[in-house]
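Below you'll find the structure, written out as structure tokens, and then a few comments.
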């Protein structure tokens, strides 16, 4: 039983329970124009079009928490949508006029929010380089995990990340499993996330297991 199965068995809200069970056994449902059909949407203004001819070839894993080390505050959404009150916490003074985003955020409970269409260029990587190609925002998809470099991530986050990555890799075959990297891999010396607490081996095991499963029909999904 995965962490998502366990959460679903303890969830009393029927729509949430069905969503958790779906995520435990199958991919996300792709929607129109680069938006997933079954996650929360919070459109960010911080994006632009990818350069002509650029398609996603890289998946970048980050971590974020606002304030640092605090979870479930809603402040990540506020940052990505330019609504963060930078007077609310001393750390936020470093974020004044910062304009950033990611395509997805996976919260501690496994809930997913999408901020930018996968077809567009989110502003998550900054100054970066991968295999001699600079400006990784042009050809990547960015996924933020709510967390820090040194606190363990939740099992549900690994399960959902594997499900989300499976969907993205199926949609963009240019992204191979060895092209799933951390922010620290494309901006070494400048960035450290997702950090030493991120279990790359455990994540890749989940991803391989999920990609090996047949996709069930919708009417086979447990209710």
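Rule-based calculations on the coordinates, nothing more; no lab input. Fair warning: this is a prediction, and the values are worked out from it, not measured in the lab. Methodologically, a virtual Cβ is constructed for each residue, glycine included, from the backbone with ideal geometry; neighbour enumeration extends over all protein chains shown.
Scan the stretch 150-161 residue by residue and report those that are buried (at least 22 other Cβ atoms within 10 Å of the Cβ) and either part of a loop (DSSP other than H, G, I, E, B) or out of contact with any strand residue (DSSP E or B) (no Cβ under 8 Å at 6 or more places or on another chain) (or both). Full working, then the answer.
Of the residues in the stretch 150-161, the ones buried (at least 22 other Cβ atoms within 10 Å of the Cβ) are 153, 156-161.
Within the stretch 150-161, 153, 156, 158, 159 meet the criteria.
Could you list, in sequence order, all residues of the stretch 171-205 that are surrounded by 14 or more Cβ atoms within 10 Å (Cβ to Cβ), in a helix (DSSP H, G or I) and either touching a residue at least 40 places away in the same chain (Cβ under 8 Å) or touching a strand residue (DSSP E or B) at 6+ places or on another chain (Cβ under 6 Å) (or both)? Steps first, please.
Let us first name the residues in the stretch 171-205 that are surrounded by 14 or more Cβ atoms within 10 Å (Cβ to Cβ), namely 171-172, 175, 179-187, 191-195, 197-199, 203-204.
Next, from what is left, pick out any that are in a helix (DSSP H, G or I): 171, 179, 183-186, 203-204.
Matches in the stretch 171-205: 171, 179, 183, 184, 185, 186, 203.
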